[in-house]
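The values are calculated or read from the model by the stated rules, or taken from the named source; none is laboratory data. As the structure is a computational prediction, the values presented were derived from the model and not from experiment. Glycine also receives a Cβ, built like all others from the backbone with ideal geometry; neighbour counts cover every protein chain displayed. For accessibility, only protein heavy atoms count, side chains too; no ligands or nucleic acids. Shrake-Rupley method; radii C 1.70, N 1.55, O 1.52, S 1.80 Å.
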Amino acid sequence: MSWTVILVGSFGCYVLKLVGTFVPARLLAGPRVQTFSKLLPVALLVGLVVVMSVDGGRRLSIDARIPGMLAAAVAIRLRAPFLVVVVAAAVTTALVRLAT
Amino acid sequence: MTPERRKIMGDALGVALAVAAYGVAFGATARTSGATVAQACSLSLLMFTGASQSALISVLGTGGTVAAALSVTWLLGARNGLYAMRLSALLPRSLGRRVGAAHFVIDETMAMAVVRETPELGRFAFWSTALMLFSFWNISTLVGALAGGLIDDPAKFGLDVAFPAAFLALVAPQLQGRPARRTGVVAALIAVVAIPLAPKGVPILLCAMAALVGAPPIRRSDAKPSQ
């Protein structure tokens with residue numbers, strides 16, 4: 001992995017934080033800005049979840065990742081701690097791969 | 001120390017411990033996705049915003065382009081700028097100290113600071129959460145990255161679902177109310193349609209449009225400040 005991407009990416013994330021401290025808070029008061037700023041992370045995170053679960057390289061692939069993600073969903077429903085959610089997903093996927 | 005401050009310290013410790021669990025998972029998965037220990041730790045030190053860090057590693061680790069990886073990283077990081085706007089009254093006035101404080105503006109510090117009754121308590125909550133979380137996040141990343149190095153074949157251990165499971169855990173509490181659910185469904189549909197059609201990394205970017213679909217329609221009254 002390239003160091004340039006890591007450093008440029010980090011610098012950009014920092015600038016976004018810093019710029020925010022200089023923008024007057026009233027610009028954020030509009031309900032649409034508020035809603036959009038709440039929904040953007042939702043959209044991107046759901047996108048990451050779906051892509052990383054079914055992307056098979058330019059095609060959809062239904063494989064051992066799906067049962068793992070279902071296990072994660074069940075663990076989240078049961079209000080399991082973060083690490084349990086991640087481990088449940090990984091163990092389920094690993095077991096399905098072992099069995100098939 | 002006043003009881004209010006002691007309570008804030010306790011809450012901050014709880015938040016930092018929860019974040020440490022994510023840090024271990026991040027460190028290990030970053031390592032198995034092709035980052036070195038130094039790179040995983042640098043991301044936690046310098047970028048210091050979990051979802052962006054994970055997205056950068058995920059997109060690059062699954063063969064996405066640098067442009068796609070940076071775009072997703074920055075789009076996810078943009079919300080910290082909005083938090084900084086909300087926090088600006090609590091942050092130091094002097095430029096030098098503000099430049100330092102800005103690094104610590106993330107989901108958890110904003111959430112802990114904005115609910116306090118006085119600016120002093122808000123400031124105290126911001127800094128106690130920032131310092132505890134920063135320490136735990138970086139130590140746990142190092143631990144995870146070292147552990148991740150012991151794994152030769154990540155897929156055998158199901159580690160390719162570690163990041164998506166982590167993202168699901170992050171987004172699940174936010175899927176409350178119709179706009180958020182609608183956004184989630186539209187984002188999922190965009191991803192499924194775009195995966196066979198668009199190059200790696202691009203489908204996630206297209207999902208950002210779902211935030212526009214989920215937002216309520218523009219009404220005349222939105223243009224004027226309503227009381």
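Can you report the number of residues in the range B:32-59 which are within 7 Å of chain A (Cβ to nearest Cβ) and more than 24 Å from residue A:39 (Cα to Cα)?
Counting residues in the range B:32-59 that are within 7 Å of chain A (Cβ to nearest Cβ) and more than 24 Å from residue A:39 (Cα to Cα) gives 6.
Restricting attention to the range B:124-168, which residues are away from chain A (no Cβ under 14 Å), modelled with pLDDT of 90 or more and open to solvent by 50 Å² or more (accessible area, probe 1.4 Å)?
B:127, B:131, B:135, B:139, B:142, B:146 - these are the residues of the range B:124-168 that are away from chain A (no Cβ under 14 Å), modelled with pLDDT of 90 or more and open to solvent by 50 Å² or more (accessible area, probe 1.4 Å).
For residue A:33, are the conditions met, namely being of a type in the set (A, V, I, L, M, F, W, C), touching a helix residue (DSSP H, G or I) at 6+ places or on another chain (Cβ under 9 Å) and farther than 26 Å from residue B:30 by Cβ? Give the derivation first.
On the way: of a type in the set (A, V, I, L, M, F, W, C): yes; touching a helix residue (DSSP H, G or I) at 6+ places or on another chain (Cβ under 9 Å): yes; farther than 26 Å from residue B:30 by Cβ: yes.
So residue A:33 passes the test.
I need every pair where a residue in the range B:156-172 that is on the phi > 0 side of the Ramachandran plot has its Cβ under 9 Å from the Cβ of a residue that is of a type in the set (A, V, I, L, M, F, W, C) and open to solvent by 30 Å² or more (accessible area, probe 1.4 Å), sequence separation at least 6 or different chains.
Within 9 Å, the pairs are B:158/A:91; B:158/A:95; B:158/A:96.
Just to be sure, is residue A:19 assigned to a helix (DSSP H, G or I), buried (at least 23 other Cβ atoms within 10 Å of the Cβ) and facing chain B (nearest Cβ under 7 Å)? Talk me through it step by step, then tell me what you get.
Details: assigned to a helix (DSSP H, G or I): yes; buried (at least 23 other Cβ atoms within 10 Å of the Cβ): no; facing chain B (nearest Cβ under 7 Å): yes.
No; evaluated as a whole, the condition is false for this residue.
Among the residues of the range B:168-206, write down those that are over 19 Å from the mean Cα position of the chain (by Cα) and farther than 21 Å from residue B:69 by Cα.
Result: B:177, B:178, B:179, B:181, B:182, B:185, B:186.
Just to be sure I understand, how many residues within the range B:45-69 are farther than 20 Å from residue B:168 by Cα and buried (at least 22 other Cβ atoms within 10 Å of the Cβ)?
Quick first cut of the range B:45-69, residues farther than 20 Å from residue B:168 by Cα only: B:45-47, B:63-68.
Subsequent filtering for residues that are buried (at least 22 other Cβ atoms within 10 Å of the Cβ) retains B:47, B:64.
Adding up the residues that qualify gives 2.
Can residue A:84 be described as among the β-branched types (Val, Ile, Thr), at negative phi and in the same structural domain as residue A:20 (by TED's automatic domain parsing)? Steps first, please.
On the way: among the β-branched types (Val, Ile, Thr): yes; at negative phi: yes; in the same structural domain as residue A:20 (by TED's automatic domain parsing): no.
When the stated conditions are applied, residue A:84 does not pass them.
Do we have any residue at all in the range A:21-43 that's at pLDDT below 85, of a type in the set (Val, Ile, Thr) and within 25 Å of residue B:47 (Cβ to Cβ)?
Within the range A:21-43 (the criterion being at pLDDT below 85, of a type in the set (Val, Ile, Thr) and within 25 Å of residue B:47 (Cβ to Cβ)), the answer is yes, since at least one residue qualifies.
Could you tell me which numbered condition residue B:111 fails, if it satisfies all but one of (1) touching a Ser or Thr at 6+ places or on another chain (Cβ under 9 Å); (2) surrounded by fewer than 19 Cβ atoms within 10 Å (Cβ to Cβ); (3) facing another protein chain (nearest Cβ under 7 Å)?
Among (1) touching a Ser or Thr at 6+ places or on another chain (Cβ under 9 Å); (2) surrounded by fewer than 19 Cβ atoms within 10 Å (Cβ to Cβ); (3) facing another protein chain (nearest Cβ under 7 Å), residue B:111 violates only (3).
Here's the yes/no breakdown for (1) in a helix (DSSP H, G or I); (2) more than 7 Å from chain B (Cβ to nearest Cβ):
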| position | (1), (2) |
| --- | --- |
| A:33 | yes, yes |
| A:39 | yes, no |
| A:44 | yes, no |
| A:53 | yes, no |
| A:58 | no, no |
| A:63 | no, yes |
| A:72 | yes, no |
| A:79 | no, yes |
